[in-house]
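Trainee: Have a look at this one.
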Amino acid sequence: MKRYDDLELMLLKDALDSEELSGFYSNPSGGKYIRLLESMFSRYHGGGEAIAVSNGTSAIYCALLALGIKPGDKVITTPLTFVGTVSPIIQVGAEPVFVDVDESTWNLSPQLLSEIPSESAKAVIFVPLLGNPSGLLEIEKTCYEKGWYLIEDNAQALGAMAGGQRIGSRGIVSTYSFQSTKSMSCGEGGMVLISRDKKKSLQHKTIPRDIIHAVRAIRNHGLKYHGWTESICGNYRMSELQAAVACAQMMKIDMFNFLQRRASKRLIKVVGDIMTPQRVNDGYESTRFITGFNADNDGPTADHILSSLEDLPVNKKKPGANIGHGYSEIVPDLAYFKSRGFKNPYPLDVARNLTYGFVWLDFRWKTDEEMDVIIRQIEEVL
């Protein structure tokens with residue numbers, strides 16, 4: 001299946017013909033494709049206010065600022081994520097606090113999180129790694145009990161399910177990425193989805209309308225309405241061209257997720273006895289954004305498996321055709337944190353050990369015939 005086709009071209013041409021490629025000049029809410037994408041995204045999630053932004057990292061940044069996260073505040077998150085989850089915490093002047101992961105789901109450990117004192121943080125950013133939302137319901141309960149904001153970083157999990165519902169409404173805010181490797185993409189782009197749940201608003205003494213107005217202002221230099229600047233912010237707007245492509249992609253997201261899950265099921269069947277696949281708990285459904293495995297201690301090492309598969313013709317090193325090691329180190333072990341003498345208050349042994357054994361197989365958007373070839377090649381090598 002082609003990821004982009006005539007539908008994207010048709011909407012792109014229409015956007016170009018409009019000669020209004022930003023849309024924000026004449027309308028502070030953006031052009032017609034920005035507004036259409038936000039409407040489609042909101043309907044897909046059964047409600048909430050969707051606000052399109054430039055990328056997934058800026059989505060988290062806008063969310064943190066809108067929630068009033070400030071210098072001195074602490075924000076809990078997973079050490080097993082892309083640095084784009086953590087950099088916005090630092091950008092707003094807050095301090096990241098890393099809590100270890102569950103060794104089977106690879107997500108933030110609900111048990112460890114429940115043991116942390118309420119006063120130790122103001123917010124939690126939950127990351128459904130590789131599209132797996134396992135643990136989200138338990139973490140939502142913990143955040144409610146401790147009075148923490150819950151932000152869902154759903155960059156890899158658009159369309160994932162928890163408790164029979166699409167994720168995106170468990171936190172007070174959720175964020176998304178449309179970067180080229182993601183399930184749906186417009187090259188670069190992102191979305192902030194703000195819950196209108198009155199229970200969450202009462203808990204945090206916040207008004208959804210205030211958060212919505214804040215995010216819309218933050219993405220557009222701090223401007224509100226026509227020229228009124230409440231604060232000085234950057235430019236985190238999405239263009240009409242990006243939005244046009246994203247609108248076409250929204251119409252295909254369920255098919256993309258179906259293809260991802262189908263490819264994952266076949267890969268697990270073939271190599272699941274050689275490596276341990278990421279576990280998805282009961283009551284959850286992963287998008288299987290990428291199929292992740294952990295090489296067992298008593299079997300072939302991750303390095304051996306990866307070197308054996310490296311030269312396969314299917315390994316094209318592009319989204320939807322890739323064999324890789326995944327995250328080779330946890331975020332607090334990156335040079336930025338080491339050079340500044342960062343000290344995390346909690347041990348991270350599980351996450352650190354997992355990175356040694358990661359093998360990630362990404363064969364999305366492949367036909368049955370192409371998957372047959374891939375499976376045969378992997379079987380021959382392993």
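We did not get these values from a lab; they are worked out from the coordinates using the rules stated. Only a predicted model underlies this, so the values are computations on that prediction, with no experimental measurement involved. Cβ: placed from backbone, ideal geometry, glycine included. Neighbour counts: every protein chain shown.
Trainee: May I ask which of Lys182/Lys265; Lys141/Lys269; Lys122/Lys252; Lys252/Lys366 have a Cα-Cα span longer than 25 Å here? Before the final figure, lay out the partial values.
Mentor: On the way: Lys182/Lys265 19 Å; Lys141/Lys269 34 Å; Lys122/Lys252 37 Å; Lys252/Lys366 15 Å.
Among Lys182/Lys265; Lys141/Lys269; Lys122/Lys252; Lys252/Lys366, the Cα-Cα distance tops 25 Å for Lys141/Lys269; Lys122/Lys252.
Trainee: Something else: Which of the peptides 272-282, 150-160, 247-257 is most tightly packed, and how do the rest follow, going by the mean number of other Cβ atoms within 10 Å of each residue?
Mentor: 150-160, 247-257, 272-282
Trainee: Given region 6-250, report the % of alpha carbon pairs whose separation exceeds 32 Å.
Mentor: Value for region 6-250: 17 percent of Cα pairs lie more than 32 Å apart.
Trainee: Per-residue counts of other Cβ atoms within 10 Å, averaged by peptide: what ranking do you get for 371-382, 138-149, 42-53, highest first?
Mentor: Packing order, densest peptide first, comes out as 42-53, 138-149, 371-382.
Trainee: Taking 7 Å along the Cα-to-C-beta vector as the label spot, tell me the Ser87-Tyr336 distance in nanometres, rounded to one decimal.
Mentor: 0.6
Trainee: Let me ask something else about it. Once label points are set 7 Å from the Cα along Cα→Cβ at both Ser307 and His221, what is their separation, rounded to one decimal in nm?
Mentor: With each label point 7 Å from Cα toward Cβ, the separation is 5.5 nm.
Trainee: May I ask you to derive the relative contact order of the chain, considering only C-alpha pairs under 8 Å and at least 6 residues apart, and to give it as an integer percent?
Mentor: 20
Trainee: Can you compute the FRET efficiency between Val373 and Asp197 using 1/(1 + (r/R0)^6), with r the Cβ-Cβ distance and R0 = 56 Å? Round to the nearest 0.05.
Mentor: Efficiency, rounded to the nearest 0.05: 0.75.
Trainee: In whole Å, largest first, what are the principal axis extents of the Cα atoms in region 254-381?
Mentor: Each principal axis gives a Cα extent; for region 254-381 these are 51, 34, 29 Å.
Trainee: While we're here: Scaled to the compact-protein estimate 2.2 N^0.38 Å, what is the alpha-carbon radius of gyration of region 210-312, rounded to two decimal places?
Mentor: Compactness ratio reported: 1.73.
Trainee: Which FRET efficiency value, to the nearest 0.05, is calculated for Lys269 and Glu19 with the Förster distance at 41 angstrom and r the Cβ-Cβ distance?
Mentor: It comes to 0.20.
Trainee: Between Phe258 and Lys343, what FRET efficiency comes out of the Förster formula 1/(1 + (r/R0)^6) with R0 = 35 Å and r the beta carbon distance, rounded to 0.05?
Mentor: Values: r = 44 Å, r/R0 = 1.27.
Step by step, r from the Cβ atoms, then E = 0.20.
Trainee: Let me ask something additional. Taking the mean number of other Cβ atoms within 10 Å as a proxy for protection, how do you rank 16-22, 172-178, 94-100 from highest to lowest?
Mentor: 172-178, 94-100, 16-22
Trainee: Enumerate the residues in region 276-307 having an amide nitrogen under 12 Å from the point lying 7 Å beyond the Cα of Glu138 toward its Cβ.
Mentor: Backbone N within reach: 281-282.
Trainee: Neighbour counts of other C-beta atoms within 10 Å: give me Phe82, Phe293 arranged from fewest to most.
Mentor: Phe82, Phe293
Trainee: Please compute the contact order of region 2-57 in relative form: average sequence separation of alpha-carbon pairs under 8 Å and at least six residues apart, divided by the residue count, as a percent.
Mentor: 18
Trainee: While we're on this one: Taking 7 Å along the Cα-to-C-beta vector as the label spot, tell me the Glu103-Asn353 distance in nanometres, rounded to one decimal.
Mentor: 0.4
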